[in-house]
1. Of the conditions (1) surrounded by fewer than 21 Cβ atoms within 10 Å (Cβ to Cβ); (2) touching a Ser or Thr at 6+ places or on another chain (Cβ under 8 Å), H166 satisfies every one except a single condition; which number is it?
2. Mind listing just one residue for me: the one in the range 53-75 that is among the polar types (S, T, N, Q) and open to solvent by 10 Å² or more (accessible area, probe 1.4 Å) and, of those, nearest to ligand 2 (Cβ to nearest atom)?
3. Return the residues of the range 107-144 that are out of contact with any helix residue (DSSP H, G or I) (no Cβ under 7 Å at 6 or more places or on another chain) and near ligand 1 (Cβ under 9 Å from one of its atoms); say none if nothing qualifies.
4. Does A245 meet the test of being among the small types (G, A, S) and in contact with a helix residue (DSSP H, G or I) (Cβ under 8 Å, 6 or more places away or on another chain)?
5. Testing V41 on (1) within 16 Å of ligand 1 (Cβ to nearest atom); (2) farther than 12 Å from T270 by Cα, one condition comes back false. Which one is that?
6. Can you list the helices (runs of 4 or more DSSP H) lying wholly within the range 121-233 that have 3 or more residues being small (G, A, S)?
7. With respect to the numbered conditions (1) closer than 17 Å to L23 by Cβ; (2) open to solvent by less than 40 Å² (accessible area, probe 1.4 Å), which one is the sole condition not fulfilled by D234?
8. Looking for something in contact (Cβ under 8 Å) with a residue 12 or more places away in the chain and within 16 Å of ligand 1 (Cβ to nearest atom) - is there at least one such residue anywhere in the range 174-190?
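The values are calculated or read from the model by the stated rules, or taken from the named source; none is laboratory data. Keep in mind the model is a prediction, meaning the values are calculated, not measured. Because the Cβ atoms are built from the backbone with ideal geometry, glycine has one as well, and the counts that use them run over all protein chains shown. All accessible areas refer to the heavy atoms of the entire protein, side chains included, with ligands and DNA or RNA removed. Shrake-Rupley method; radii C 1.70, N 1.55, O 1.52, S 1.80 Å.
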Amino acid sequence: MPIASPETQLRAALLGLAVADALGVPVEFQSRAARRLDPVVHMREYGTHNQPAGTWSDDASLTFCLVQALADGFTLAKVAEYSRRWYYEQLWTPRGSVFDIGITTREALSRLQADGDLILAGGTDEYSNGNGALMRILPLAFYQVDAPLKERFRLIHDVSAITHGHIRSAVACLLYLEMARYLRAGQSPAAAYAEMCRQAPAQLYELKIPAHEADKFERILSGRLPDISATAVDSGGYVMHTLEAALWCLLRYETYAETVLAAVNLGDDTDTTGAVTGGLAGLCYGEDAIPPEWLAVLARRADIEALAAAATQGAGIS
Ligand code: ADP
Ligand code: MG
């Protein structure tokens, strides 16, 4: 199959991410055991956050803020500013309100609000490794993609560090974006994952990632992910769990719908696990594979499509 245009791919990624986010919103914080009894199989309404069907959350909002910065001529300051404006001024909210935000993200955005000159506001301590940067990083799979690895990683690190400054978050974002890169080139999930695992050791060495941090990625980069649906641990908001869950779902299933429903039905941080998985699944299977009844209720679909079109006219996008 011919490779789709950047606009078509970006649109599929954004819609795939937002739809899966919205599938997870009504059941966020509910356990995997609850999902086994009552799996999500369609776009539900209300539930945890009392939102109508098709309402996406912070994951998609902050992703769209990054896309908006790409559309407007990318600077880090714009990403920080638009992210701050999401929380304080409801920029890129689905229906005019912010109803979900992680602790690390909220603390960083309040530092941005207090100090207008600050950009890299993210905490750097061990427990700043929530999935709040991973969930919004996907648009960088379309920006300066042919730059040398060290430059790409610097950019990924800094975009992450607006809210999440720990090196682990940046490495998780890099690996996720590598998957996106290979999927964009038309590789299957299995081939993309194998390529990511093959390339990563040399990449992490070149980037001088300390061994004790690189070691944390050993299981994710093993080439053989364990069946995480069989473990007792729900899929919480730790960046490593979310990345592993997204890869596992993508590798295990063969359609957009099965892949993102599996992610949501892992329980707990359902919207973010869904969003992180859904972005890759959108890239992999394309917009046409997203069930039309899910797209039909998606909040601000036309705005998302217009954003994808505008961003792919931006400098540095390919
Ligand atoms: P966000 O990243 O979206 O801002 P939070 O700061 O609320 O979200 O973090 C999400 C989850 O990630 C929390 O449950 C937190 O305990 C978990 N987490 C963060 N860092 C670590 C870590 N180093 N090990 C395990 N869990 C972590
Ligand atoms: Mg969310």
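1. (1)
2. Let us first name the residues in the range 53-75 that are among the polar types (S, T, N, Q), namely 55, 57, 61, 63, 68, 75.
Adding the requirement that they be open to solvent by 10 Å² or more (accessible area, probe 1.4 Å) leaves 68, 75.
Details: Q68: 18, T75: 26 Å.
Top of the filtered list is Q68.
3. Going through the range 107-144, the residues out of contact with any helix residue (DSSP H, G or I) (no Cβ under 7 Å at 6 or more places or on another chain) turn out to be 107-108, 110-111, 114-117, 124-127.
Selection gives E107, A108, D125, E126, Y127.
4. Details: among the small types (G, A, S): yes; in contact with a helix residue (DSSP H, G or I) (Cβ under 8 Å, 6 or more places away or on another chain): yes.
It is true that A245 is among the small types (G, A, S) and in contact with a helix residue (DSSP H, G or I) (Cβ under 8 Å, 6 or more places away or on another chain).
5. Exception for V41: condition (1).
6. Numbers: elements: 149-161, 167-184, 189-206, 211-214.
In the range 121-233, the matching helices (runs of 4 or more DSSP H) lie at 167-184, 189-206.
7. So D234 meets the others, but not (2).
8. Yes: one or more hits.
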